[in-house]
Amino acid sequence: MAASSYKREGPLHDGSVAVIIGGGPGGTGCAFALRNLAQKLGKRIRIVLYEGKIFEEGTHYNQCAGVLSPPIVEIMEQGLHVEFPWKLVQRRIDGYILHSESGEIELKKEGDFTYVLRRINFDAHLLKQARAKGVEVIQSRVTDIEFGRDGVMVYSEGQNTKADVVIGAFGMDDGTAKIFERATAYRQPRFLSSIVIKIHPGQLFMAHFGNHIHAFLPPINKIEFGAVTPKRNHLTLNIAGIGISSESMNAFLRYPPVKNILPPGFDPDDESIRYFKGRFPLQAARMFYGDRFVIVGDAAGLLRPFKGKGINMAFITAMKAANTIMLKGISKYAFEKDYRFECREFIKDIPYGRAMRWLAIKSSRWRFLDPILEISRGDPIWEDALFNCVSAHKSFRQIFRAAFHLRLVSQLIGILLLRFVRTIVRLRLPALGKED
């Protein structure tokens, strides 16, 4: 089909078929949004969702830590008109504790709650809701996609489907990404690797652990950040970085600030510990839309750079993609003019995310985190900035504009210079004693 003809390819109409690949928040979110818009517009469309994992039986593990942050309830209930699964919530998180090598700072906002749950249960809940809304869920892995003049053929290990438009919501699944890369100009985004483990320290320990997520920027090779998240009866520990391994996790477990909050006598070499490896994007994917296809969520790299907030972003980008499909069209031109434009906030935040990632790495390697915490205690601007850095509630662009002004930067530089001078003096004193 000629490019000019694609440009005129309009929104879905009665009898159109939309295929979604991926049954996580991005995929189910797009299904909910498409169904809601179709009903509002009085259109009958067929929505088919492919998901290869079987969440209900608990046979698959999701590397996501299962953290649902604000405004997740409003996004689901007001934006998607789907019930928030309160019964699945294992713990309400009241805030964060950011650790340095020799100190810590509590970061929270009144009334700002985060919820933690088991991610596969959350995904199972979403798929159940999707089926209830008339979405055809096919439990099968997609094996190929084929673009023709009048639609897209989606092949799978089970049922095949001819679609008018395909929505990719496959997260960071490398196999599905390769399928899109063969068939389109899409290229998956650069990513950080993550490793997740669980520790079951017993009911008494968990009862006294508290309702905070503990965050770390450890000066450990390859680890860029780590966290310890309390669930109902266990702790979830995750680290992220380029080239990390199980040995990186072992080093994290031995890092004194982490060790201090773990159960007494915990053995990092315990052979019963199970390691799960995943990844999440650092930047937007190349060509995450085209004629008759669009990519949402992690697969598109559209999230808070460096920090994530992946579940919220998956829902939001899914709704934006559905709006374009139902109201504007399914051509590359329509996605360029509408979907990409609506996602501009996330794309513009990527350079700020890179800068924040660089600062986080350097502050850890150069032991700058202690003075940062020192000047943050009691300063509402710096405390707010650290809270938003850890929680990803605000964009990094907003954080930079709010926190990095002349007075605060000068204050930080002054403390760093003082620490540098003290270090030089300590190093020089022994030498002077020898000369005497």
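Here are some notes:
- Flag if Ile273 is of a type outside the set (D, E, K, R), surrounded by fewer than 18 Cβ atoms within 10 Å (Cβ to Cβ) and touching a Leu at 6+ places or on another chain (Cβ under 7 Å): no
Per-residue answers, yes or no, for (1) under 22 Å from the mean Cα position of the chain (by Cα); (2) modelled with pLDDT under 95; (3) more than 27 Å from Gly278 (Cβ to Cβ); (4) not assigned by TED's automatic domain parsing to the domain that holds Asp123:
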site: Pro11; (1), (2), (3), (4): no, no, yes, no
site: Ile20; (1), (2), (3), (4): yes, no, no, no
site: Gly27; (1), (2), (3), (4): yes, no, no, no
site: Glu56; (1), (2), (3), (4): no, yes, no, no
site: Thr59; (1), (2), (3), (4): no, yes, no, no
site: Leu80; (1), (2), (3), (4): yes, no, no, yes
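- Pairs are defined by a Cβ separation below 7 Å, a sequence spacing of at least 6 or placement on different chains, a first member in the stretch 81-96 that is β-branched (Val, Ile, Thr), and a second member that is assigned to a loop (DSSP other than H, G, I, E, B); the pairs so defined are Val89/Leu117; Ile93/Phe113; Ile93/Asn211.
- Residue count for the stretch 160-196, restricted to those that are at pLDDT 95 or above, over 14 Å from Ile21 (Cα atoms) and surrounded by fewer than 20 Cβ atoms within 10 Å (Cβ to Cβ): 5
- Of the strands (runs of 3 or more DSSP E) lying entirely inside the stretch 110-159, the ones with 1 or more residues being surrounded by 20 or more Cβ atoms within 10 Å (Cβ to Cβ), out of contact with any helix residue (DSSP H, G or I) (no Cβ under 7 Å at 6 or more places or on another chain) and not acidic (Asp, Glu) are found at 114-116, 136-138, 151-156.
- Residue pairs whose Cβ atoms lie under 6 Å apart, separated by 6 or more positions or on different chains, with the first residue in the stretch 208-232 and under 23 Å from Lys87 (Cα atoms) and the second in a helix (DSSP H, G or I) and among the hydrophobic types (A, V, I, L, M, F, W, C), are Pro230/Phe209.
- Residue identified as part of a loop (DSSP other than H, G, I, E, B), in contact with a strand residue (DSSP E or B) (Cβ under 7 Å, 6 or more places away or on another chain) and over 20 Å from Ser193 (Cβ atoms) among Ile325, Ile261, Ile273: Ile261
- Scope the stretch 201-226; condition in contact with a helix residue (DSSP H, G or I) (Cβ under 9 Å, 6 or more places away or on another chain) and of a type in the set (A, V, I, L, M, F, W, C); matching residues: Ile213, Ala215, Phe216, Leu217, Ile220, Ile223, Phe225
- Elements of type helices (runs of 4 or more DSSP H) in the stretch 363-436, at least 3 residues being touching a Gly at 6+ places or on another chain (Cβ under 8 Å), modelled with pLDDT of 80 or more and not assigned by TED's automatic domain parsing to the domain that holds Leu303: 369-376
- Selection count, the stretch 97-147, where residues are free of Cβ contacts under 8 Å to residues at least 24 places away in the same chain and at positive phi: 1
- With respect to the conditions (1) assigned to a helix (DSSP H, G or I); (2) closer than 21 Å to Pro257 by Cβ; (3) not aromatic (Phe, Trp, Tyr), Pro351 lacks only one, and its number is (2).
- Residues of the stretch 257-302 that turn out to be of a type in the set (Gly, Ala, Ser), farther than 19 Å from Glu224 by Cα and touching a residue at least 12 places away in the same chain (Cβ under 8 Å), as a count: 6
- Residue count for the stretch 13-28, restricted to those that are surrounded by fewer than 24 Cβ atoms within 10 Å (Cβ to Cβ) and either within 8 Å of Phe170 (Cα to Cα) or free of Cβ contacts under 8 Å to residues at least 12 places away in the same chain (or both): 0.
The values are calculated or read from the model by the stated rules, or taken from the named source; none is laboratory data. Here the structure is a predicted model, which means the values were calculated and not measured. In this analysis, Cβ positions are derived from the backbone assuming ideal geometry, glycine residues included, and neighbour counts consider all displayed protein chains.
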